[in-house]
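These notes concern the structure reproduced below.
Each value in this text was obtained by applying a stated rule to the coordinates, not by laboratory testing. All values derive from a computational prediction rather than experimental measurement. Positions of Cβ are generated from backbone atoms using ideal geometry, with glycine treated the same way; all protein chains shown enter the neighbour counts.
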Amino acid sequence: MEILTYPDAHLKQQCAPVETFDNELRQFVTELEAFMRTQPGGIGIAAPQVGRAERVCIIDLTGMTRGKKKRPVPNQGRLILLNPEITEWDGYELGREGCMSVPDYTGNVIRATRINFTADDAFGKQHEYTSEGFEARAIQHEVDHLDGLLFLDRLVSRRTDLFQRK
Ligand SMILES: [Zn+2]
């Protein structure tokens, strides 16, 4: 696997729902997660970032800290999300995001502070979730990938909200 980066056309596609929950899919999910963990800052990944236009993403904020005080980011551990659908959005907040597909930049993006969502697991069983704070932000970022959107598409202004990485 390798990470596709902006402006690769695969990142602009609307991804298809997962319909077949078979061993091939589970093998892909396993490989995608292992690959994510080899990447610096690999706290989330979506299938289109490796060229597979299917609604699969993985998020794991375990051990992640933010800010100068290195505060742990509250999270519910490893989330394997197939066909995720956000059903409720509450509040909003501007916050900084990065993306493995946009390696040279970070950006300030407005996201809901709390979301409810559903997703299938790798066996096709649907689950309901609530998430808030940075984890909710990460989920909204990954679900965007499944709709062909990057954080770049969410910036209010490239002039004031886009930052080159040092
Ligand atoms: Zn991303």
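Can you give me the Cα centroid spacing of the range 43-79 and the range 85-112 in angstrom?
12
Placing unit charges on C-beta atoms (Lys and Arg positive, Asp and Glu negative, everything else neutral), compute the dipole magnitude of the range 14-166 about its Cα centre in debye, rounded to 20.
In debye, rounded to 20, the range 14-166 gives about 1120.
Find the relative contact order for the range 9-164 and round it to a whole percent, using C-alpha pairs within less than 8 Å whose residues are 6+ positions apart.
25
If you take the square roots of the eigenvalues of the alpha-carbon gyration tensor of the range 112-166 and sort them as a ≥ b ≥ c, do you get rounded (a/c under 1.5), prolate (a/b over b/c) or oblate?
Here the range 112-166 falls in the prolate category.
Students often get this wrong: which residues of the range 109-123 have the backbone nitrogen under 17 Å from the point 7 angstrom along Cα-to-C-beta of Thr62?
122
Going by average Cβ neighbours within 10 Å, how do the peptides 66-77, 99-110, 50-61 rank, with the highest at the top?
Answer by packing, highest mean first, reads 50-61, 99-110, 66-77.
Pairs of Cα atoms under 8 Å, at least six residues apart: use those to get the relative contact order of the range 1-88, whole percent.
27
Per 0.36 nm of contour for each residue apart, how much would the distance between Thr5 and Arg158 grow if the chain were fully extended, relative to their Cα-Cα spacing?
53.3 nm
Mind giving me the FRET efficiency for Thr38 and Lys70? R0 is 25 Å, r the Cβ-Cβ distance, nearest 0.05 is fine.
Once the sixth-power term is evaluated, E becomes 0.60.
Taking the chain as the reference, fit the longest principal axis to its C-alpha atoms, fit the long axis of helix 133-146 to the helix C-alpha atoms, and give the angle between the two in degrees, 0 to 90, nearest 10.
60
How much space per residue, in cubic angstrom, does the convex hull of the C-alpha atoms of the chain take up?
Taking the convex hull of the Cα positions in the chain, it is 114 Å³ per residue.
What do you get for the angle between helix 23-38 and the principal long axis of the chain? Use alpha-carbon atoms, 0 to 90 degrees, nearest ten.
30
What does the charge add up to near Asn83, with Lys and Arg as +1, Asp and Glu as -1, over the other residues with Cβ less than 12 Å from its Cβ?
In short, -3.
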